[in-house]
Amino acid sequence: MQENSSLCTPSEHRISRRKLLGATGAAIGAAGLGGLVQPAIADELTKKDRQVLFVWIDGGMSQLESWDPKPNTRFGGPFRTIRTSVPGIEISELMPQSARQMHHLAVVRSLCTQDNSHSAGVARIQRGDPKNRGVTYPYFGSAVANLMGPGHSKLPAYVWIKPGSGGFIHEDAGFLGPKYGALAFGDGKPPENLLRPESVSAAEDDARQELRELMNARYAHRRRPLVSDANKYVFDTAKTLMHRRELFDESSFSVRDRERYGTHDFGRHMLIGRKMLEAGVRFVKVNSYGWDTHGDNFNAHLNLMPKFDQAFSAIIEDLAASGMLDHVLVIAMSEFGRTPRINGHIGRDHWPEAWSLVMSGCGVKRGVVVGKTNHEGTFVDSEPFDIGHMFHTWFRALGINSGTVEYDNNGQPLPIAHDDHHACDEVLA
Amino acid sequence: MPVPATDLLARSLVLLIALSWLAWDAPPLKGETPLHQRIDLIIAEKAGGSLAEQATDAEFLRRICLDFAGRVPTSTEVKDFLLDKRADKRTAMIDRLLADTRYADRMTDLFNIMLIERRSKHEEWLKFLKESFAANKPWDQMTREILAPDVDNESNRGSAMFYTARLEHYGQNPPDVPGLVRDVGRMFLGVDVQCAQCHDHLFVNDYKQADYQGLYAFVGTATLRTDLKFPAVSENPLLQKIAFKSVFASDEMKTGPRLPGGNEVEIPAITKGQEYLVPPDKKLKTPGVLKFSPMRVLAETLPRKDNPAFAKNIVNRLWWMMMGRGLVDPLDLHHSDNPPSHPELLDLLASEITAHAFDIKWLLRELALSETYQRSTILPDEAAARAPLATYRAALERPLSPTQLLESLLRATGQPVHDAKSVAELRDRFDKAFANPPKEPEVSVAPTVKGALFFSNDAVVVAWFDRQENNTVDRLSQLSDAVALVDEAYLTILSRVPTELERTDAVRFLKDFAGPRERAISHLTWAMASSTEFFVNH
C-alpha cells in the first residue's frame, strides 16, 4: 500500500490564482480582481482605515510563563504572578511592562486548537483552519489585504517584518493569488532594487516615469484593460515604495524609543512596524523566533519574555498615546501553547489544548480576560475557542461581517472563517 | 425584356442543382482547404461579434519574431519588412523564421519552462530539447524519449530530467513522486489527477482515484540515479498491482499500470529474484535491465495515434503558445465539465497533427498563417472588451518569458552580444526578477513589484540605457534631427513607426528635458523599454 505522501495542491486553487493574476485569465471585473463578493464593502472599509498589527511568536510561547500563570501548582514552574493595571487580573512576573498596559489589553485564556506540530500548525493557525474544501486558504494578512485593500497610503497592504531574508511571500495568499502575498522586509531592510541608482536623479526618475505612464496610457487605449492595469499596479507600488524610503531608515528613531523598544531584533522590528502602521500600511506582521522551548523552558522564557514584554508594551503604550489604538487591531500569539507537564529536559512541549493569546485595539474590550483554564492549566474550563472563533472575532473587530462576507474563488463562494465557529462576543467592544 | 417564368424556373433549377452539387462536394473541397483557413472559419463562426482588424505589418513582425526567434526584430529588419512589397511577405517571414536556428532556441526556452517549471537545470536536458527541435523531432518520439530515457544514448539521455527534476530532493522535501505522477498526466495528457490521489476528485467527476493510481503504477518505482553526472533514473521491479483505498471508503482496490480512461496493462507473472534480464551490479553501480519495465510500457502506450488525449494535449499547448490561451483552459484540466471553447477545433487540430505524424513545426506554421493569429490586439469595438477571451475577437496579449525579455532588451538597447558565461549570468538575473516560483506554470502575463523595481533600478539594466560606444543611445545621440531620432528609437525598441501624437510627445520630452541631450535620450529609451507594450507579446 503506497503512502499518500504529499499534500493535495488542488487545481481549483490554481485556476483561481491564474485567473486572479489577471492578464489572460478569464475572470474580468470586480470579482476576478478582488475575489470579494460585495466590492462595495471594500470601499466602505477603506474609508474606516482600520489596520492590524499581528505579532507572531514563532515556536510557541508558554501561556504559563505569560498570560495564564498557575503559581504554586504541580506544573506552575518557578515564576510568580504580579498584579496589573486592572484590579483582579494577574499575569506572569516575567511581563512587568505589559502588566502596566493591561487596561488596554484583552487576554483570551481558553484557546483550544487542533494541531500540535510546527510545520503544519503555523500555516493552519494563520490560515484560520477553516473547513477543508480542497483549497488553500489565505493567511490572515492576505485575507485582510484582499478584503480591505491597501487603503489611502497606497502602500502594499500586507507587510511582514521578519528576521532573516525578505522577499515576496506569495504562498501566504493561497487561492487569492500572489498579489495578496506578503511583502517581507528581512531584518526590516528594504526590498532589492528599492534604491534608485546614483546615475539617475529624483527629477530624472520622475520625468522618465511620467513619460512611461503616458506611453502606457496610449497603449492601453482600445485594448483589454487587464494587462495594462496589472502592469500599472506593480509600477505604482514600486514607485510608492521608492518614494517612502524613509520607512526603512532606522536612523530617524529617537534614542529614547530605541531604548524603550529594545536594541534586540524584536525591539527594532517592532519599532519599524510602528513606523509602517503610522505610514498607513493595512496589515503589519512582526515576528519573534525561538520560542520552541522543549528543553530548559524556564531559563529560555527568562531570556525571551523580557524582550517580548519590552517591545510589546512599548508599542501598546505608543499606539494608545497617539490614539491609533482606536483603529489598529493588535494581536499577539503563537501556533500553540506549551504543555503544563514539564518534561525530562525541564522543558515544555507543544500544547494546543489550552493556551492564551492577547489582543488590543479597535473593536476589542480593554482590560479584560476571557475564558479560563482549570486549576493546573491542563485544559480549558470554559467555552473553548478554536482559531476559527478568533478569525470571526478579528473580522468583526475590523468591521467585516464574517457571517455574510464571502470570498469568490472563481465562482465557488467560500466563507472567510470556519462556518461552524462564531465570534467571541465577550471580547468584542 | 421580361424573362419567361419557365426560363426563371429552369435557371433556378440549374442553380439549385449546382448548389447541391457543391454541397455534396463539400467534404473533399473542405479537405483541400488549408488548415489555417479552417481554423479561421470556426473562430469566425463562434465569435459572436465583430473581429479585430489584421495586425499591422510591424505588429505581425514583432509578434512572429518573438514567437519563433524569441526576441524582437532589429530596426533594420522592421524597415526592410515594411518596405517589402511582396503580397506573400508574411508567409515568407514565417518560413524564414521556422528555418532559422533561433527557432530551436526559442522552443527550448518554452518547453523547458513548461515541462520543468523551474525545478532544476541541466545542460544535457537543454541539449536534448534543442537538438530535438532543431531536427523537428515528432512530438510522439520526443515524448517516448522523455518517458523512457536511454541512459546509453549520449545525444538524448538528458531527457531524463523530466523525471529527475521531480525525484531530486528539493530543500528538505522528499522526492516528489506524487508530483511526478501528476505531471505525466498534466504535461502529456492534459489532466491533473493529483487531487484524486486519496479519493476520487471532489470537483472533477472524470478524475478517479484509479486514474491517479494507474499512472502511479507506471512511474511510482522510478528512482533517481546519483552515480552519474547527467540526469538519469532507474526503476525498481513492479511485481504486483498497486493496492489503494479511498479515504472515504474502506474497500481496498487494485490496479496495474493504466492510463486515465485506458485499459490496464497486465503485469507479467515473474517470480521474485527473476525480475531482471541483466541483474543490477552493485560494484559497477549499474541498475540492471528489467524484464518488465513500466516506464518503457508507458513510453510505448501513451504517445500513440490512437490516444486522442495525447494529441489534444499537445495541440492545446501549441495553441496556447500562439494564441495566449488554451482551447481548454487551464491547459491541464481537460475533462467533461471543463469543455474546450471550440470542441470541433480541438478535434480538428488533434486529428491533423496526428495525420501529420505529430509534426510540431507544421502545426505552428498553420497557426501562424491563420487570420486568428494575425489579428490585432486592438479591440474592434467597445463590446469586444467584455467578450470572453475565448472568442478570440482580438488577439490576446501574451507574456514574454524572462529569456525573451532579456534577449529583446539586449537588442533594443544595442548591447553587444555577450560571451556564453555572461549570457548565463544575465539569464539567472532575469529569471530571478521575472520567473514564477518553482512548480508554478508560467502561462499568463503576471507583472510583479519585484520586476518593476528590477527594471527601474537594477544597476546592470540601467547601465544599458547609458550612452556607451555603439549602443542604441549612442546611435540615437548621433542623429541631430529630433523626428528622425524618435522614429529610429520607436523602430529599434518598439519595432514600429510612432503615431503623429507619439512623435510629438517624444520630441517635446527631448526638448523640455532639463539636462544633457544624451540623458534625455537615455530616459526616452528607458520609458519605451519599460512600457507595457515592450513587456508583452501583443
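Read the figures in this text as sums done on the coordinates, not as results from a lab. Predicted model only: the values in this text are computed from it and were never measured. Cβ atoms come from the backbone with ideal geometry, glycine included; neighbour counts cover every protein chain shown.
Below is a table of values for the structure above.
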{"read-out": "Tensor-based shape of the stretch A:203-243 (alpha-carbon gyration tensor, a/c under 1.5 rounded, otherwise prolate or oblate)", "value": "oblate"}
{"read-out": "Highest-MSF residue in chain A out of A:N287, A:N299, A:N116 [GNM, Cα springs under 10 Å]", "value": "A:N299"}
{"read-out": "Cα gyration tensor shape of chain B, rounded if a/c is under 1.5, else prolate or oblate by comparing a/b with b/c", "value": "oblate"}
{"read-out": "Cross-link pairs A:K285/A:K365; A:K162/A:K189; B:K121/B:K361; A:K154/A:K275; A:K131/A:K162; B:K241/B:K285 - those with Cα-Cα distance over 18 Å", "value": "A:K285/A:K365; B:K121/B:K361; A:K131/A:K162; B:K241/B:K285"}
{"read-out": "Average beta-carbon neighbours from other chains, 10 Å sphere, peptide A:186-196", "value": "3"}
{"read-out": "Residue mean of other protein chain beta carbons inside 10 Å, B:437-446", "value": "5"}
{"read-out": "Unit charges on C-beta of K, R, D, E only; dipole of the stretch A:320-366, Debye", "value": "160"}
{"read-out": "Residues A:F379, A:F385, sorted so that the one with the fewest Cβ neighbours within 10 Å comes first", "value": "A:F379, A:F385"}
{"read-out": "A:V255, B:V443 arranged by Cβ crowding within 10 Å, fewest neighbours leading", "value": "A:V255, B:V443"}
{"read-out": "Positive-pole candidate from B:F310, B:A299, B:A383, dipole of the protein assembly as shown, charges at beta carbon", "value": "B:A299"}
{"read-out": "Cα-centred dipole magnitude for chain B, charges only on beta-carbon of K, R (+1) and D, E (-1), debye, nearest 20", "value": "900"}
{"read-out": "Positive dipole terminus of chain B, leading residue within B:A87, B:V443, B:L61 (C-beta point charges)", "value": "B:V443"}
{"read-out": "For chain A, built as a Gaussian network whose Cα springs stay under 10 Å, the top-fluctuating residue of A:A320, A:A311, A:A203", "value": "A:A203"}
{"read-out": "Residue among A:A238, A:H221, A:L211 farthest towards the positive dipole end of the stretch A:203-243, charges placed on Cβ", "value": "A:H221"}
{"read-out": "Test item: Cα-centred dipole of the stretch A:330-429, Lys/Arg +1 and Asp/Glu -1 on Cβ, debye", "value": "500"}
{"read-out": "Three-way shape call for the stretch B:399-537 based on the alpha-carbon gyration tensor, with the a/c threshold at 1.5", "value": "prolate"}
{"read-out": "Order of A:K232, B:K254, B:K272 under a 10 Å beta carbon neighbour criterion, fewest first", "value": "B:K272, B:K254, A:K232"}
